[in-house]
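The values are calculated or read from the model by the stated rules, or taken from the named source; none is laboratory data. Quick caveat: nothing in here was measured; it's all calculated off a predicted structure. With ideal geometry, Cβ positions are generated from the backbone for all residues, glycine too; neighbour counts draw on all protein chains shown.
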Amino acid sequence: MSDDAVLQEEISDNKNRNEVRCVFCNSLMLREKQGEYVEETFELPLVHQKHAKDIKTIETEKHHHFWLVYDMFHFENIGFSNTVDTIKYLICADCDMGPVGYHDIENKKCYIALKRVRHGNAPPDVAAIKSV
Ligand SMILES: [Zn+2]
């Protein structure tokens with residue numbers, strides 16, 4: 001099963017079916033149905049701990065699948081990292097790992113990359129098993 005097929009399993013009614021959690025410490029970021037699924041292309045720096053490196057000089061990778069959150073108050077927990085131009089990078093509020101997505105300062109929307117977060121409570125192995 002491709003990664004994208006796994007992602008499709010998480011989408012219900014164009015919203016996040018499960019809770020969105022930090023892949024490192026399992027901190028709850030977003031409750032179910034609070035994010036809207038959108039496809040767009042955005043380059044995020046590779047995962048690192050806040051302040052570990054200058055975010056402008058580290059490598060990036062492209063992401064194509066995001067949970068769009070219209071209001072940052074819809075998050076249970078979220079942290080902010082560096083501001084670069086008109087965006088702020090979003091990180092785990094508990095362990096500072098990220099970025100898991102970004103916040104657009106101009107339109108106030110937040111985008112969480114599906115591949116940077118864990119969905120639901122299940123460990124990754126269980127979550128990846130297709131419904132039986
Ligand atoms: Zn965390």
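Looking only at residues of the range 84-132 that are touching an Asp or Glu at 6+ places or on another chain (Cβ under 8 Å) and surrounded by 15 or more Cβ atoms within 10 Å (Cβ to Cβ), we find that the one that is modelled with the lowest pLDDT is G120.
Total residues in the range 73-83 satisfying the condition of being of a type in the set (S, T, Y) and surrounded by 15 or more Cβ atoms within 10 Å (Cβ to Cβ): the figure is 1.
Restricting the search to strands (runs of 3 or more DSSP E) fully inside the range 1-105 and requiring at least 1 residues that are in contact with a His (Cβ under 6 Å, 6 or more places away or on another chain) and away from the ligand (no atom under 16 Å from the Cβ) gives 36-45, 87-91.
Summed over the range 16-32, residues that are surrounded by 15 or more Cβ atoms within 10 Å (Cβ to Cβ) and among the basic types (K, R) total 1.
Assuming A52 fulfils every condition listed in (1) at pLDDT below 95; (2) in contact with an Asp or Glu (Cβ under 7 Å, 6 or more places away or on another chain) apart from one, which condition is it? If we test A52 against (1) at pLDDT below 95; (2) in contact with an Asp or Glu (Cβ under 7 Å, 6 or more places away or on another chain), just (2) comes out false.
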